[in-house]
Amino acid sequence: MPATIKVATTSLGKVLSDDQGRVLYMFDADKDGDSTCYDQCAAAWPPLLTAGAPKAGDGTDDGLLGTTNRTDGTTQVTYNKLPLYYFTPDKAPGDVKGQGVKTVWWVVSADGKVIKTAP
């Protein structure tokens, strides 16, 4: 099933989320649209996967949506060429517990910009 990206309102403002309102993050170590988060990293920061082209939901720009192929054969959603991830401690829609973790994990705005403000 294709993933749908939308915008959620959080304590950090309006940021990207999945269709359930779970906030999505980018990882500073990722370069050129390729994911570098695997194994233990991906256990804490699961990638947002899709089957088929991802869909732009409320507040997002279809032109910024894309995908990247992971080494395990799955397809990860990107936004403005940033691979997107969940943070496992985020339990409720709008939670942003992953913001600024190890100063390499950040939320993304609807215009594809990385938000590096503190939660």
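The values are calculated or read from the model by the stated rules, or taken from the named source; none is laboratory data. The structure displayed is predicted, hence computed values, not measured ones. So basically every Cβ, Gly included, is an ideal-geometry build from the backbone, and we count neighbours across all protein chains shown. Keep in mind that these areas ignore ligands, DNA and RNA; they rest on the heavy atoms of the full protein, side chains included. Shrake-Rupley method; radii C 1.70, N 1.55, O 1.52, S 1.80 Å.
Summary of values
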read-out	value
Some residue of the stretch 81-95 being modelled with pLDDT of 95 or more, closer than 18 Å to Gly21 by Cα and outside any loop (DSSP other than H, G, I, E, B)	yes
Test set (1) in contact (Cβ under 8 Å) with a residue 40 or more places away in the chain; (2) in a helix (DSSP H, G or I) - Cys41 fails condition number	(1)
Members of the stretch 76-89 that are surrounded by fewer than 18 Cβ atoms within 10 Å (Cβ to Cβ) and within 13 Å of the chain's Cα centre (by Cα)	Lys81, Thr88
Flag if Asp72 is of a type in the set (Asp, Glu), part of a loop (DSSP other than H, G, I, E, B) and open to solvent by 70 Å² or more (accessible area, probe 1.4 Å)	yes
Thr67, sole failed condition from (1) open to solvent by 30 Å² or more (accessible area, probe 1.4 Å); (2) in contact (Cβ under 8 Å) with a residue 24 or more places away in the chain; (3) within 22 Å of Met1 (Cα to Cα); (4) touching a Pro at 6+ places or on another chain (Cβ under 9 Å)	(2)
